[in-house]
């Protein structure tokens with residue numbers, strides 16, 4: 001993993017506020033350095049999923065190698081299309097957007 005783009009503000013507090021359901025499906029629309037995604041993956045169970053978006057090719061150098069993560073090199077304006085395509089239940093537990 002490449003060094004982080006930035007240190008996510010209130011990282012653990014914000015993830016705690018998500019009240020992660022281990023088998024849930026989550027979406028991170030600003031993957032960046034993967035900081036939030038890494039902590040979310042630590043809280044997901046084996047059936048949990050994380051769909052992440054980032055159109056910046058450099059962000060993909062930070063990809064966490066985990067089969068529960070699908071990192072999409074695209075703008076999150078295509079969120080609906082990809083989530084429908086990738087979510088078997090078509091139910092997303094929570095959408096995450098971080099601001100840096």
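The values are calculated or read from the model by the stated rules, or taken from the named source; none is laboratory data. Since we're looking at a predicted model, the values are computed, not measured. Using ideal geometry, Cβ is built from the backbone for each residue, glycine included, and neighbour counts are taken over all protein chains shown.
Pairs are defined by a Cβ separation below 8 Å, a sequence spacing of at least 6 or placement on different chains, a first member in the range 67-82 that is on the phi > 0 side of the Ramachandran plot and exposed (fewer than 13 other Cβ atoms within 10 Å of the Cβ), and a second member that is at pLDDT 90 or above and part of a strand (DSSP E or B); no pair meets this definition. In the set (1) touching a strand residue (DSSP E or B) at 6+ places or on another chain (Cβ under 8 Å); (2) more than 11 Å from residue 24 (Cα to Cα); (3) at pLDDT below 90, the condition left unmet by residue 92 is number (2).
Yes/no matrix, rows are residues, columns are (1) in contact with a strand residue (DSSP E or B) (Cβ under 8 Å, 6 or more places away or on another chain); (2) without any contact (Cβ under 8 Å) to a residue 24 or more places away in the chain; (3) within 22 Å of residue 82 (Cβ to Cβ); (4) surrounded by fewer than 20 Cβ atoms within 10 Å (Cβ to Cβ):
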{"position": "13", "(1), (2), (3), (4)": "no, yes, no, yes"}
{"position": "35", "(1), (2), (3), (4)": "no, no, yes, no"}
{"position": "49", "(1), (2), (3), (4)": "yes, no, yes, no"}
{"position": "58", "(1), (2), (3), (4)": "no, no, yes, yes"}
{"position": "63", "(1), (2), (3), (4)": "yes, no, yes, yes"}
